[in-house]
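Step one of this worksheet: look at the structure below.
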Amino acid sequence: MSVLLLAEITAGELSLDATAKAVSAAQSLGDVTILAAGETAAAAGDAAAKIDGVSKVLVAEDASLGHRLAEPTAALIASLASDYEHIVAPATTDAKNILPRVAALLDVMIISDATAVVDGATFERPIYAGNAIQTVKSSDAKKVVTFRTANFDAAGEGGTAAVETISAADNPGLSEWVEDKVAESDRPELTSAGIVVSGGRGVGSEEDFALIEKLADKLGAAVGASRAAVDSGYAANDLQVGQTGKVVAPDLYVAVGISGAIQHLAGMKDSKVIVAINKDEEAPIFQVADYGLVADLFQAVPELTDKLG
Amino acid sequence: MKVLVPVKRVIDYNVKVRVKADGSGVDLANVKMSMNPFDEIAVEEAIRLKEAGKADEVVAVSIGVKQSQETLRTALAMGADRAILINAADDVHTDIEPLAVAKLLAKVVEEEQPGLVITGKQAIDNDMNATGQMLSAILGWSQAAFASEIDIEGDSAKVTREVDGGLQTISVKMPAIVTADLRLNEPRYASLPNIMKAKKKPLDEKTPADYGVDVTPRLEVVKTEEPAERSAGIKVGSVDELIEKLKEAGAV
Ligand SMILES: Cc1cc2nc3c(=O)[nH]c(=O)nc-3n(C[C@H](O)[C@H](O)[C@H](O)COP(=O)(O)OP(=O)(O)OC[C@H]3O[C@@H](n4cnc5c(N)ncnc54)[C@H](O)[C@@H]3O)c2cc1C
Ligand SMILES: Nc1ncnc2c1ncn2[C@@H]1O[C@H](COP(=O)(O)O)[C@@H](O)[C@H]1O
C-alpha cells in the first residue's frame, strides 16, 4: 500500500507546515512518497525528504508546473497514479484546484477536507460548514483525499528519504499564468500561527483595521478577518477565515467585532482558546468564546494592546 | 456564445442544521431550501456576460429531486433563458456526488455546446468544492477555479482567482470551466415581473438514464454526527480581567 502526497510548494519553496501535517495524516495509510512539482522544486524536494515518515521524494521540475496550474499538475499526478492506492495533499487552495481534477481523470470520487482517517477507505469530513461530521467509506480502487491541516499535528523532521528526479507529463497547454498578487507580510502565516487575531465588520474601516494589526503584532499573531471585513475592503481576501476561507485552529483566537455567523465559526471553532470582543452581548460569537468581553472595540483593543506588556 | 450554469438546491444558508437522531444524515424534511449561494453568483455572472453582449444564451441545469425545479425557476427569474432539470433522486436526502454530477454535466455540454460553464466554487451542503474541476477533467477543458474576476477576450479568458497567498491571474483557453468565488459579483434579486415571466420560460426534464450515466455513489455514508460541542465560556468584566484569565490559561 503506498501513498502519493502532493507537497505544498509556492515559488520553489516548500510549505513545511502544511506538507508535514498532511504527512502525519497520511502515515497510517502506507508508505508515503512525496511529489515535489514546480518550475523549481529540487530544494523543496530536499526539504520534504527530511520530514519524518516520508519514504521517497519524487522531484518534477518543468516550466509547465511553475504556478501549479491545474491541468499540467493533474496530468502529472494521473500519470504516476498506477503505483499508488492513495493520492493525497493538504487541503490548500492549490490542492483543492488540482486533486478533484486528478480524481475525475482516474474516475474516482474526491474526499475533500478529511479531518480524520478511520481506515484505508474510511474518512471523517465536516459538511454543512462543520455543523455535521460525516464518516464516508470509499468503494473506489484509488482514494484521492485532501486533509484539513488544522486537524493534524505536523510530522517531525529528521528523515532521510531518497530523492528521485522524474519528468513532467505533457502539458495540455490549456491555461497560462499571468500574474500573482501576493500580500507581503512579516506576520506569521494564518493557517500555522499559534495565535490569530481577526477583525470583522465592527472594525468599520480599512484604517481602523490597524487596531487589529497592532494587537496581532503585540501577540506575535497572524491576522485574520471575517468575510464582511474582506468584502468591505478592510482586509485582503487571503485573510478570510471560515467555511469558504481558511480553517484555523490556533492555541488562541481573538475575534474582534465579529458576530459569529456559522460560516465564520466553521473556520475557527476548533481553536484551543477563543476570545471574543463585541459590543453586542447577544452576539453568537459569545456562545463559542471561552472569554467574552462585551465592550466597544475602539476602547478595548487599544487598552488590551497597551496592557499586554 | 452560450453559457451553462449548474445550480444546486441546498439548505438555506441561514438555517440551523440538525443531525438526525439515528445518525443517518442531516434532517432536510420541511427545511427552507434555496439556491446554493455560489450558484447565484455564477448565474449573475452569466447574465452580466449576456447583458454585455459577450453571451447570447444562459442555460441553467440542476440535478437532484424534482423540487430543484424551484431553484431553476429562481435562475430563470434572475435572467437565465432556459433550464434543464435532471431528475436523479426521489428522496430529498439523496445527494448526487460531484463525480456523477460532472459526468451528467459533461453530457449536457456535449448536447448544448456552450462556450463557457460557470459553476459555484462549492456547494454549502456537502462542502466538496469539486464539481467544476471534475467536469473540466472529463471534458479536457481548461479550468479556472475560485474566480473573483472574469474577463473574456476572444478565444481566451483572463480569470483572477482567490488563492491562499492572495490573488492569481491566469489566462485560459475557451471553452473553459470557471468556478465562482464569493467576490465575483453581488447577485441581483429577481423582480416580481421577472418571477412571473420565469414561469413561462422553457424547463426540460431529463433523467440520468437519458444520458446513460450511472449515479450510484462511490462514497458510502457510514454515519453523520454532531460535531463536538465547546463547553460554555465566561464573560469577563474588563480588559484587566481578560488578561488575567488568559495568563492563568497560559494563552499569552
Ligand atoms: C456561502 C457563504 C459563505 C460564507 N463564508 C464565510 C466565511 O468563510 N467566513 C466568514 O467570516 N463569513 C462567511 N460568510 C458570511 C457570514 O454569513 C457573515 O455574513 C459574516 O461572517 C459576517 O461578518 P462579521 O461578523 O464581520 O459582520 P457582522 O455580522 O456585521 O458583525 C459585526 C459585529 O461587530 C460588532 N460591532 C460593531 N461595532 C462594534 C464596536 N465598536 N465594538 C465592538 N463590536 C462591534 C457587532 O455587534 C456585530 O456583532 C459566508 C456567507 C455565505 C452566504
Ligand atoms: N446536483 C447539482 N446540480 C447542479 N449543479 C451542481 C450539483 N452539484 C454541484 N453542482 C455545481 O457544482 C458546484 C460545486 O459543488 P460541489 O463540488 O458539490 O461543492 C456547485 O456550486 C454547482 O454549481
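Can A:A114 be described as more than 8 Å from chain B (Cβ to nearest Cβ) and farther than 19 Å from A:T73 by Cβ?
yes
Kindly indicate whether B:K16 is away from ligand 2 (no atom under 16 Å from the Cβ), open to solvent by 60 Å² or more (accessible area, probe 1.4 Å) and within 18 Å of B:D125 (Cβ to Cβ).
On the way: away from ligand 2 (no atom under 16 Å from the Cβ): yes; open to solvent by 60 Å² or more (accessible area, probe 1.4 Å): yes; within 18 Å of B:D125 (Cβ to Cβ): yes.
Yes: the conditions hold for B:K16.
Of all residue pairs spaced 6 or more apart or on separate chains, those with beta-carbon atoms under 7 Å, a first member in the range B:6-32 that is under 30 Å from B:E45 (Cβ atoms) and away from every other protein chain (no Cβ under 13 Å) and a second member that is β-branched (V, I, T) and part of a loop (DSSP other than H, G, I, E, B) are B:K32/B:V15.
Has the range B:158-170 got any residue that is more than 11 Å from chain A (Cβ to nearest Cβ) and either of a type in the set (V, I, T) or more than 24 Å from A:S232 (Cβ to Cβ) (or both)? Explain how you work it out, then say what you get.
Applying the first criterion (more than 11 Å from chain A (Cβ to nearest Cβ)) to the range B:158-170 yields none.
No, every residue in the range B:158-170 fails to be more than 11 Å from chain A (Cβ to nearest Cβ) and either of a type in the set (V, I, T) or more than 24 Å from A:S232 (Cβ to Cβ) (or both).
Report the residue count in the range A:266-305 for those that are without any contact (Cβ under 8 Å) to a residue 24 or more places away in the chain and either outside the structural domain of A:V197 (by TED's automatic domain parsing) or among the hydroxyl-bearing types (S, T, Y) (or both). Final tally of qualifying residues: 1.
Within the group A:P126, A:P100, which residue is of a type outside the set (S, T, Y), open to solvent by less than 30 Å² (accessible area, probe 1.4 Å) and part of a strand (DSSP E or B)? Step through it out loud before you land on a result.
Values: A:P100 fails: part of a strand (DSSP E or B).
It is A:P126.
Where strands (runs of 3 or more DSSP E) fall wholly inside the range B:154-219, the ranges with 1 or more residues that are open to solvent by 50 Å² or more (accessible area, probe 1.4 Å) are B:156-163, B:166-173, B:203-206.
A:Y291: of a type in the set (F, W, Y) and at the interface with another protein chain (Cβ under 9 Å from one of its Cβ atoms), yes or no? Here the answer is yes, as A:Y291 does meet what is asked.
Restricting attention to strands (runs of 3 or more DSSP E) lying wholly within the range A:168-236, give those where 2 or more residues are of a type in the set (G, A, S). I'd like the intermediate steps shown before the answer.
On the way: elements: A:175-182, A:195-199, A:222-225.
Output list reads A:195-199, A:222-225.
Any chance the range A:80-91 includes a residue that's within 16 Å of ligand 1 (Cβ to nearest atom) and either hydrophobic (A, V, I, L, M, F, W, C) or within 14 Å of chain B (Cβ to nearest Cβ) (or both)? For the range A:80-91, residues within 16 Å of ligand 1 (Cβ to nearest atom) and either hydrophobic (A, V, I, L, M, F, W, C) or within 14 Å of chain B (Cβ to nearest Cβ) (or both): present. Residue count for the range A:263-280 satisfying the condition of being more than 9 Å from ligand 1 (Cβ to nearest atom) and open to solvent by 20 Å² or more (accessible area, probe 1.4 Å): 4.
Looking at A:K272, A:K214, which one is within 11 Å of another protein chain (Cβ to nearest Cβ), of a type outside the set (F, W, Y) and more than 16 Å from ligand 2 (Cβ to nearest atom)?
Numbers: A:K214 fails: within 11 Å of another protein chain (Cβ to nearest Cβ).
One residue alone meets the criteria, A:K272.
Would you check which residues across the range A:173-188 are at the interface with chain B (Cβ under 7 Å from one of its Cβ atoms) and either out of contact with any strand residue (DSSP E or B) (no Cβ under 9 Å at 6 or more places or on another chain) or open to solvent by 60 Å² or more (accessible area, probe 1.4 Å) (or both) and list them? Within the range A:173-188, A:E176, A:W177, A:E179, A:D180, A:K181, A:V182 meet the criteria.
Take the conditions under 18 Å from B:L203 (Cβ atoms), within 11 Å of ligand 2 (Cβ to nearest atom) and within 16 Å of the chain's Cα centre (by Cα) and apply them to B:A102. Does it pass?
Working: under 18 Å from B:L203 (Cβ atoms): no; within 11 Å of ligand 2 (Cβ to nearest atom): yes; within 16 Å of the chain's Cα centre (by Cα): yes.
So B:A102 does not fit the description; no.
Just checking, does the range B:188-198 include any residue being farther than 21 Å from B:A102 by Cβ and facing chain A (nearest Cβ under 10 Å)? So far as the range B:188-198 goes, no, none of its residues is farther than 21 Å from B:A102 by Cβ and facing chain A (nearest Cβ under 10 Å). Among residues of the range A:238-255 being within 16 Å of ligand 2 (Cβ to nearest atom) and of a type in the set (V, I, T), the one that is nearest to A:A228 (Cα to Cα) is A:T244.
Looking across the range A:1-22 at every residue that is among the aliphatic types (A, V, I, L, M), away from every other protein chain (no Cβ under 12 Å) and open to solvent by 10 Å² or more (accessible area, probe 1.4 Å), the one that is farthest from A:F123 (Cα to Cα) is identified as A:L14.
Results for (1) modelled with pLDDT under 95; (2) of a type in the set (G, A, S), shown as yes or no for each residue.
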{"residue": "B:V17", "(1), (2)": "yes, no"}
{"residue": "B:P37", "(1), (2)": "no, no"}
{"residue": "B:A46", "(1), (2)": "no, yes"}
{"residue": "B:V61", "(1), (2)": "no, no"}
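Return the residue satisfying two criteria in turn: it lies in the range A:243-262 and is within 13 Å of ligand 1 (Cβ to nearest atom) and open to solvent by less than 10 Å² (accessible area, probe 1.4 Å), and of such residues it is farthest from A:L219 (Cα to Cα).
Here is the first cut: in the range A:243-262, the residues within 13 Å of ligand 1 (Cβ to nearest atom) are A:243-248, A:253-262.
Next cut, open to solvent by less than 10 Å² (accessible area, probe 1.4 Å) only: A:248, A:253-256, A:258, A:260.
Working: A:V248: 17, A:Y253: 11, A:V254: 11, A:A255: 14, A:V256: 14, A:I258: 19, A:G260: 22 Å.
Here the residue is A:G260.
The residues in the range B:109-146 that are over 28 Å from A:E124 (Cα atoms), among the aliphatic types (A, V, I, L, M) and either within 15 Å of ligand 1 (Cβ to nearest atom) or in contact (Cβ under 8 Å) with a residue 40 or more places away in the chain (or both) can be counted, and the count is 4.
With respect to A:T165, is the statement that it is open to solvent by 70 Å² or more (accessible area, probe 1.4 Å), under 30 Å from A:I51 (Cβ atoms) and of a type in the set (V, I, T) true? Yes. The test for being of a type in the set (V, I, T) and in contact with a helix residue (DSSP H, G or I) (Cβ under 9 Å, 6 or more places away or on another chain) holds for B:V236.
Evaluated against (1) surrounded by 24 or more Cβ atoms within 10 Å (Cβ to Cβ); (2) touching a Leu at 6+ places or on another chain (Cβ under 7 Å), B:I11 falls short on exactly one condition, (1).
The values are calculated or read from the model by the stated rules, or taken from the named source; none is laboratory data. On a predicted model such as this, the values are computed, not experimentally measured, just so you know. Please note: Cβ atoms are built from the backbone with ideal geometry, for glycine as well, and neighbour counts cover all protein chains shown. SASA here: full protein model, heavy atoms, side chains in, ligands and nucleic acids out. Shrake-Rupley method; radii C 1.70, N 1.55, O 1.52, S 1.80 Å.
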